[in-house]
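The values are calculated or read from the model by the stated rules, or taken from the named source; none is laboratory data. On a predicted model such as this, the values are computed, not experimentally measured, just so you know. Cβ: placed from backbone, ideal geometry, glycine included. Neighbour counts: every protein chain shown. The accessibility values were calculated without ligands, DNA or RNA, using every heavy atom of the protein model including side chains. Shrake-Rupley method; radii C 1.70, N 1.55, O 1.52, S 1.80 Å.
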Amino acid sequence: MTDPVHPEICDAPAVELARRLRARELSAREVVTAHLERIEQLDPQINAIVTLVGERALSEAAAADERLAHGEPVGPLHGLPVAHKDTHNTAGIRTTHGSPILAEYVPVHDDIGIERMRAAGAITLGKTNVPEFGAGSHTFNPLFGATRNPYDRTRSAGGSSGGAGAALAAGLTPIADGSDMGGSIRNPASFCNVVGLRPSPGRVPLWPNMIAWGTQVVQGPMARTVSDVALLLSVMAGPDPRCPISIAEDPAVFAGSLAADPRGLKVAWSPDFGGALPVEAEVRATVQSAAQVFADLGCVVARDCPDFSGADEVFRVLRGWQMATSLSAALAEQPDRIKPTLAANIEFGRGLSGADLGRAEFLHAEIFHRMREFFQRYDILLLPTSQLPPFPVEWEYPETIAAQPMHDYLDWMRSAYYVSATGCPALSVPAGFSTGGLPIGVQLVGPYRREISVLRAGYTFEQATRRGDRRPVW
């Protein structure tokens, strides 16, 4: 067994590190150095960080310490290390999207979320691993290989923000950014026993973004605790004129206390989306146990589920259209450098008609209104995040769940992408472990644009259970 270095720093919550940095109990150089040494020690076992900018990080840490020493104002993330997803633009730092086509691509601009993190004082350590072009919820690609789960290095870390999830679980970074179309923040959070939020579209504005009016892809925060996720959201969120769907609400609410009296909170729960999806027994039991936690806290708990009819068509059609829009040129120019499953998605999107898109948007609206009406009766919907615990890292995707066949690499993600189709915010929080010691998360879904509701419910559950306190054994 290996004792990970610097546990007093690398395993500390981001909120606590931020407080100690501002109080000058720790220097930014100490914090960054500790995380770089933890990366050197543990990352060879999991392959979470694919581009490391250690010297740049140390230089930025020294500058941060100087600012504080001279009494200059510092931001809420002052001195905190952060790792960015390798599909997110980072000015001056390689951003490959896990593809040989972009192996040497270095953006000129930061994404808005990263721009805001840096303005708030965060220090970039590097980039986290992703599947090719972020397609799929298992992290592997031809450039860097697979990311392994810190709780069991023979298992998947999930995806597409799998590098971020693994890095957080291993203490390589206290906070990380992810993105989520069909579960790419939530699945790795579930698989790695960390916390991840898929916000409502526009909560975190996107730019550069060729599909500026799109609502399928969102960026959001990941961390080891709900409070740390909320802290990062308070920095990433807020309106921006470069994003036409950005939400014009002050994100300061996310930086406040999440403590709330849970008595009377109306919680609906379902282990299988009302019988619509196959779910492994240990996951079903974890969801039921989570529902009992809320009941014991004085919540009004009922087994109930909205109608997700049409969610599969909505997600697959709009995803296919977006894939075709963004990647058709790459497929035409270099077809041998794109994995076959992704190429098939692009071709599917290219074959869609106006009628196909029109029907998908019609169904999309119906789902939105069914959810809106459902949340007139309930405050929170409790569901499985993933339909099974982490699977072997060598698999591209699980071929069966609860003895039912999965026909492609999207099928097993339906518990996440059905929720994506609603537009509602969803928080994955640690909820338990399988008999084999593999993490299992649950997702808390709230009304449209009510991120604060799911954060408060997640914080309540986290404090009652402390499931996220269990760290990997090395």
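Numbers for the structure displayed
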| item | result |
| --- | --- |
| Rounded if a/c under 1.5, otherwise prolate or oblate - segment 353-470, Cα gyration tensor axes | oblate |
| Solvent-accessible surface (1.4 angstrom probe) belonging to residue 65, in square angstrom, nearest 10 | 20 |
| Accessible-area composition of segment 37-190, carbon plus sulfur, in percent [1.4 Å probe] | 52 |
| Prolate/oblate/rounded call for segment 434-474, Cα gyration tensor, a/c under 1.5 rounded | prolate |
| More than 14 Å apart - percent of Cα-Cα pairs taken over segment 232-275 | 68 |
| Heavy-atom surface of segment 108-238, accessible at 1.4 Å and reported per residue (Å²) | 18 |
| Theoretical FRET efficiency, 1/(1+(r/R0)^6), r = Cβ-Cβ of residue 400 and residue 366, R0 45 Å, to 0.05 | 0.90 |
| Spin-label zone in segment 196-227 - amide nitrogen under 19 Å from a point set 7 Å from the Cα of residue 245 along the C-beta vector | 197-221 |
| Environment charge of residue 348, counting only residues whose C-beta is closer than 14 Å and scoring Lys/Arg +1, Asp/Glu -1 | -2 |
| Cα-projected label distance for residue 325 with residue 210, points at 7 Å along beta-carbon direction, nm | 1.1 |
| Label-point separation in nm, residue 255 to residue 11, each point 7 Å along Cα→Cβ | 3.0 |
| Gyration tensor (alpha-carbon) shape descriptor, segment 192-282, a/c threshold 1.5 | oblate |
| Ranked order, 161, 59 - accessible area, probe 1.4 Å, largest first | 59, 161 |
| Most to least packed among 77-85, 450-458, 327-335 [average Cβ atoms within 10 Å] | 77-85, 450-458, 327-335 |
| Listed residues 417, 444, 404: farthest to the positive end of the dipole of segment 334-474 (Cβ charges) | 444 |
| Per-residue [θ]222 nm for the chain (sum of -39500 (n - 2.57) over DSSP H runs n ≥ 4, rounded to 500) | -11500 deg cm²/dmol |
| Gap separating the Cα centres of segment 16-35 and segment 291-310, nearest whole Å | 40 |
| Chymotrypsin sites (Phe, Trp or Tyr not before Pro) restricted to DSSP loop in segment 192-294 with at most 14 other C-beta within 10 Å | 213 |
| Karplus 3J(HN,Hα) series, Hz, for segment 431-448 with 6.51 cos²θ - 1.76 cosθ + 1.60 (x for Gly, Pro) | 10, x, 9, 6, 4, x, x, 9, x, 9, x, 10, 10, 10, 9, x, x, 3 |
| Heavy-atom accessible area per residue - segment 378-467, 1.4 Å, Å² | 29 |
| Residue-by-residue Karplus 3J(HN,Hα) for segment 393-405, coefficients 6.51, -1.76, 1.60, Hz, glycine and proline x | 5, 6, 6, 6, 6, x, 7, 9, 9, 6, 6, 9, x |
| Straight-distance crosslink candidates among lysines, where the alpha carbon sits under 26 Å from residue 266 and sequence neighbours closer than 8 are dropped | none |
| Set of lysines with alpha-carbon distance to residue 85 below 21 Å, sequence-local pairs under 8 removed | 127, 339 |
| Approximate spin-label separation residue 263-residue 407, in nm, with each point projected 7 Å along Cα-to-Cβ | 5.1 |
| Potential extension, residue 377-residue 471 segment - 0.36 nm per residue separation minus Cα distance | 30.1 nm |
| 5 angstrom amide H check on residue 426, placed H, neighbours 5+ away | 198 |
